[in-house]
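Below: one structure, written as structure tokens.
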Amino acid sequence: MHGGDEVVAAPAGPPQPLDWKFSQVFGERTAGEEVQEVDIISAIEFDKTGDHLATGDRGGRVVLFERTDTKDHGVSRRDLERMDYLISRHPEFRYKTEFQSHEPEFDYLKSLEIEEKINKIRWCQTANSALFLLSTNDKTIKFWKVQEKKVKKISDMNLDPSKAVGNGSIASSSNSSSLKPCLANGSSLDGSYNNLSHDFSFPPGGLPSLHLPVVTSQETNLVARCRRVYGHAHDYHINSISNNSDGETFISADDLRINLWNLEISNQSFNIVDVKPANMEDLTEVITSAEFHPTHCNMLAYSSSKGSIRLIDLRQSALCDSHAKLQVFYHLVPFYANRFEEPEAPGSRSFFTEIIASISDIKFAKDGRYILSRDYMTLKLWDINMDSGPVATFQVHEYLRPKLCDLYENDSIFDKFECCLSGDGLRVATGSYSNLFRVFGCVPGSTEATTLEASKNPMRRQVQTPSRPSRPLSSITRVVRRGTETPGVDANGNSFDFTTKLLHLAWHPTENSIACAAANSLYMYYA
């Protein structure tokens with residue numbers, strides 16, 4: 001181990017492949033139903049506890065789900081243990097609330113339409129039973145607070161029902177007159193009640209008794225409120241946001257810059273990475289994804305379109321960059337700790353080499369030791385202590401190599417697939433075409449390579465993958481896992497559908513449960 005880390009005993013052997021089962025689906029389509037563009041899911045994120053799940057769509061909406069199977073429902077813990085409930089259950093969620101996060105905008109200065117599509121969602125630390133999260137479209141990041149509010153219902157007064165509306169206020173056919181000046185105790189100077197309209201009159205003989213309005217019931221509603229808006233700091237489309245482990249800051253990344261924000265300050269940010277050349281004709285690579293280290297608040301990683309990952313350290317003072325243009329944010333000079341890049345094989349370069357090498361997503365493992373990256377063809381697992389190459393490579397789209405020309409013509413080669421790791425770090429997952437997703441075992445000796453379909457029968461297209469020997473993660477040599485490699489067809493001989501793609505998925509932080517998006521439907525599976 002490095003740096004005096006605690007020695008952990010190696011496991012006896014690789015775990016058995018998981019048996020995945022269908023759990024739930026939200027927004028399931030009926031046969032032949034047309035999917036509206038605004039309903040297509042564009043972001044998925046579990047919170048740190050796994051008790052809440054958030055999705056964003058192309059219509060700018062954020063939908064929240066909450067876990068229900070962890071609640072005791074009034075049953076004592078002893079009874080639950082007797083029923084073996086805690087062992088047999090699996091994560092179940094229900095719809096909680098939704099809100100409109102972003103609206104379509106138009107930049108008149110640049111004559112540019114800004115879509116409302118949610119690019120990323122990140123959960124923040126909770127406080128006082130309120131939920132906090134960040135959401136972003138191409139240009140603007142918003143900080144949301146979702147909290148339960150008690151709404152009081154008031155009983156009616158015993159006035160004329162024909163003139164009473166709502167909670168006891170008096171209806172009037174004429175416009176309300178202006179309020180008369182009142183004394184400090186609320187009484188009116190002319191003795192009349194300024195909250196009653198002029199056409200109100202007491203019945204002959206007066207009222208036998210006057211019932212004052214009282215609270216009859218209280219309802220609890222979830223209210224989403226935008227606390228802050230972080231805008232005007234990105235000239236290019238935002239592709240990533242990531243929370244810092246300090247709970248106070250976060251980063252946002254576009255094609256050429258990464259900015260560091262404080263959650264409490266929305267009118268300034270620090271520019272920590274700037275890859276924009278003085279002459280844009282010299283531009284050779286762009287930033288594709290960025291993420292903070294899960295435990296070290298001074299470290300973050302970002303990936304590029306050239307297939308490299310840079311790990312940087314922010315333990316330096318903030319300095320003004322005299323070479324940067326005058327902007328509304330400051331500039332930090334980061335220290336580059338490591339650069340991870342796989343050497344190109346001799347003679348393998350082609351027109352598509354750089355396109356398929358572009359990394360679409362990176363994720364840190366829970367302990368921060370490994371980084372998972374996804375390019376068009378593969379998943380790669382990197383050890384942050386070794387920059388000579390990935391410790392494991394998982395083939396996802398190798399069967400598509402003969403079809404790269406067709407994929408380039410229909411723009412499918414530019415699809416950006418996300419990736420995720422299990423909470424225990426034993427497995428990784430990513431999406432593919434035909435609404436398929438792949439799950440790989442990444443521990444030494446594991447041959448797990450499962451293909452599942454986003455449907456109520458996830459194992460429908462599953463075939464047994466031939467076992468292949470695996471090398472330890474400490475080995476520099478790549479570990480290659482291959483599934484079926486027949487070009488253009490899946491395990492059952494069906495043609496792949498490049499119009500149905502599973503781009504977004506997330507792994508539950510503590511359990512073997514995966515949420516994935518197929519168009520407008522959210523599917524959940526457990527093992």
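Taken together, the criteria place S217 among residues that are assigned to a strand (DSSP E or B), open to solvent by less than 50 Å² (accessible area, probe 1.4 Å) and modelled with pLDDT under 95.
Return the total of residues in region 124-158 being open to solvent by less than 30 Å² (accessible area, probe 1.4 Å), assigned to a strand (DSSP E or B) and among the hydrophobic types (A, V, I, L, M, F, W, C). Adding up the residues that qualify gives 9. Applying a threshold of 6 Å to beta carbon distances and a minimum spacing of six or more residues, or different chains, the list of pairs starting in region 344-365 at a residue that is at pLDDT below 90 and ending at one that is surrounded by 15 or more Cβ atoms within 10 Å (Cβ to Cβ) and assigned to a loop (DSSP other than H, G, I, E, B) is empty. Every test in (1) crowded, with 24+ Cβ neighbours inside 10 Å; (2) closer than 21 Å to S305 by Cβ; (3) not β-branched (V, I, T) is passed by G441 save one, and that test is (2). Within region 224-241, restricting attention to residues that are open to solvent by less than 10 Å² (accessible area, probe 1.4 Å) and in a strand (DSSP E or B), which residue is farthest from I121 (Cα to Cα)? Here the residue is Y230.
One line per residue, one yes/no per condition, for (1) outside any strand (DSSP E or B); (2) at pLDDT 95 or above; (3) open to solvent by 30 Å² or more (accessible area, probe 1.4 Å):
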| position | (1), (2), (3) |
| --- | --- |
| T288 | no, yes, no |
| C297 | yes, no, yes |
| K306 | yes, no, yes |
| I312 | no, no, no |
| R315 | yes, no, yes |
| D321 | yes, no, yes |
| Q327 | yes, no, yes |
| H331 | no, no, no |
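Let's see how each residue does on (1) modelled with pLDDT of 80 or more; (2) of a type in the set (S, T, Y); (3) under 15 Å from the mean Cα position of the chain (by Cα); (4) more than 16 Å from G231 (Cα to Cα):
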residue	(1), (2), (3), (4)
I118	yes, no, yes, no
A130	yes, no, no, yes
S135	yes, yes, yes, no
A164	no, no, no, yes
N167	no, no, no, yes
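What residue, among those in region 386-410 that are more than 27 Å from the chain's Cα centre (by Cα) and aromatic (F, W, Y), is nearest to F440 (Cα to Cα)? Checking each candidate, the answer is Y399. Only a single criterion out of (1) assigned to a strand (DSSP E or B); (2) touching a His at 6+ places or on another chain (Cβ under 9 Å) is not satisfied by A278, namely (1). Among the residues of region 91-109 satisfying the criterion of being in contact with a Ser or Thr (Cβ under 8 Å, 6 or more places away or on another chain) and in a loop (DSSP other than H, G, I, E, B), which is modelled with the lowest pLDDT? Among those that are in contact with a Ser or Thr (Cβ under 8 Å, 6 or more places away or on another chain) and in a loop (DSSP other than H, G, I, E, B), it is P91.
For region 47-62, filtering for residues that are aliphatic (A, V, I, L, M) and closer than 15 Å to K142 by Cβ leaves 2. Number of residues in region 43-90 that are farther than 21 Å from Y526 by Cα, open to solvent by less than 60 Å² (accessible area, probe 1.4 Å), assigned to a loop (DSSP other than H, G, I, E, B) and at pLDDT 95 or above equals 2.
Of all the residues in region 392-420, those that are open to solvent by less than 40 Å² (accessible area, probe 1.4 Å) and within 17 Å of S303 (Cα to Cα) number 6.
One residue stands out among those in region 349-371 that are hydroxyl-bearing (S, T, Y) and surrounded by fewer than 17 Cβ atoms within 10 Å (Cβ to Cβ): the one that is farthest from A253 (Cα to Cα), which is S350. The C-beta contact set for region 107-125 (first residue closer than 23 Å to D415 by Cβ, second residue among the β-branched types (V, I, T) and open to solvent by less than 20 Å² (accessible area, probe 1.4 Å), distance under 7 angstrom, 6+ apart or interchain) comprises I118/V62; N119/T136; N119/I238; K120/T136; K120/I241; I121/V62; R122/I241. The set of residues from region 17-33 being closer than 18 Å to P91 by Cα and basic (K, R) comprises just one member, K21. Take the conditions (1) more than 18 Å from S304 (Cα to Cα); (2) surrounded by fewer than 21 Cβ atoms within 10 Å (Cβ to Cβ); T430 misses just one of them, which is (2). Restricting attention to region 235-272, the residues that are in contact (Cβ under 8 Å) with a residue 60 or more places away in the chain and more than 25 Å from K117 (Cα to Cα) total 3.
The values are calculated or read from the model by the stated rules, or taken from the named source; none is laboratory data. Fair warning: this is a prediction, and the values are worked out from it, not measured in the lab. So basically every Cβ, Gly included, is an ideal-geometry build from the backbone, and we count neighbours across all protein chains shown. To get the accessible areas, we keep the full protein, side chains included, count just its heavy atoms, and leave off ligands, DNA and RNA. Shrake-Rupley method; radii C 1.70, N 1.55, O 1.52, S 1.80 Å.
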